[in-house]
Amino acid sequence: MKNNNVRTVVFAAAFLALALVLPFLTGQIPQIGSMLSPMHIPVLLCGFVCGWPWGLAVGAVAPLLRSVIFGMPPMYPTALCMAFELATYGVVAGLMYRALPKKKSNIYVSLIVAMIAGRLVWGAARFLCTGLDPSKFGFAAFWAGAFTGAIPGIILHILLIPLLVMALERAKLISK
């Protein structure tokens with residue numbers, strides 16, 4: 001295994017560990033935790049740093065593993081739907097970051113597109129989990145869960161993740 005591959009595996013493992021641990025920072029106040037979405041941060045970073053395959057893997061595994069180990073989030077439907085959402089974040093962030101020209105503005109573009117795609121996938125997963133019943137999960141519930149209630153987390157991610165990606169680029173831990 002080449003040094004670069006070893007580094008990628010180590011980073012992916014570290015991002016998975018962070019996804020399991022970060023929710024403890026807000027876990028005492030579940031409302032804040034769900035609004036700030038701390039598990040999303042390492043998954044998005046994993047997509048940027050390690051690429052889409054690792055972003056997909058860490059995003060899909062993190063909520064399920066955290067549910068099994070700690071009982072939070074509840075496996076069904078929360079962790080299951082989050083697995084699809086976070087896997088989408090990792091995939092889209094990784095693909096967009098690699099595909100777009102390496103400009104600071106494209107870090108934001110990659111992040112925002114990943115966040116929108118992930119939220120759409122989360123909404124589709126939740127809708128499927130409710131048996132395709134709009135009375136149980138309709139547009140208003142989707143909008144509230146994906147956007148309105150998530151505004152603090154969206155702002156946090158837009159402020160924090162590009163700064164971390166740029167810092168990792170400067171440290172040459174991500175190739176530009």
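Coordinate-derived values only; no laboratory data. Note that this is a predicted model, so its numbers are computed, not measured. Quick reminder, even Gly has a Cβ in these numbers, built from the backbone with ideal geometry, and neighbours come from all protein chains shown.
Suppose every K and R has +1 on its Cβ and every D and E has -1 on its Cβ; what is the size of the dipole of the chain about the Cα centre, in Debye to the nearest 20?
Values: 13 positive and 3 negative charges, 136 e Å.
Dipole magnitude for the chain comes out near 660 debye.
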Worksheet item: So, in nm, how far is label residue 140 from label residue 100 when the simple model puts each one 7 Å beyond its Cα toward the Cβ?
Response: 3.5 nm
Practice prompt. Provide, in order from the shortest bin, the percent of all Cα-Cα pairs of the chain in each 10 Å bin, continuing until the bin that contains the maximum pair distance.
Written response: 11, 40, 35, 12, 2, 0
Item to complete: Pairs of Cα atoms under 8 Å, at least six residues apart: use those to get the relative contact order of the stretch 1-130, whole percent.
Response: 23 percent
Worksheet item: To the nearest 0.05, how large is the calculated FRET efficiency for residue 170 and residue 70 if R₀ is 35 Å and r is the Cβ-Cβ distance?
Response: 0.50
Worksheet item: Lys/Arg Cβ at +1, Asp/Glu Cβ at -1, dipole of the chain taken about the Cα centre: which of 70, 175, 24 is farthest positive-ward?
Response: 175
Worksheet, complete the sentence: Charge tally for neighbours of residue 92 with beta carbon under 15 Å away, counting Lys, Arg as +1 and Asp, Glu as -1, is +1
Practice prompt. Sticking with the crude label model, points 7 Å out along Cα→Cβ, report the distance from residue 28 to residue 155 in nm, one decimal please.
Written response: 2.3 nm
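Can you show me the helix-derived [θ] at 222 nm for the chain, built from DSSP H runs with n ≥ 4 at -39,500 (n - 2.57) apiece and divided by the number of residues, rounded to the nearest 500. The partial results should precede the final answer.
On the way: 9 runs with 134 residues, N = 176.
Calculated from helices alone, the mean residue ellipticity at 222 nm is -25000 deg cm²/dmol.
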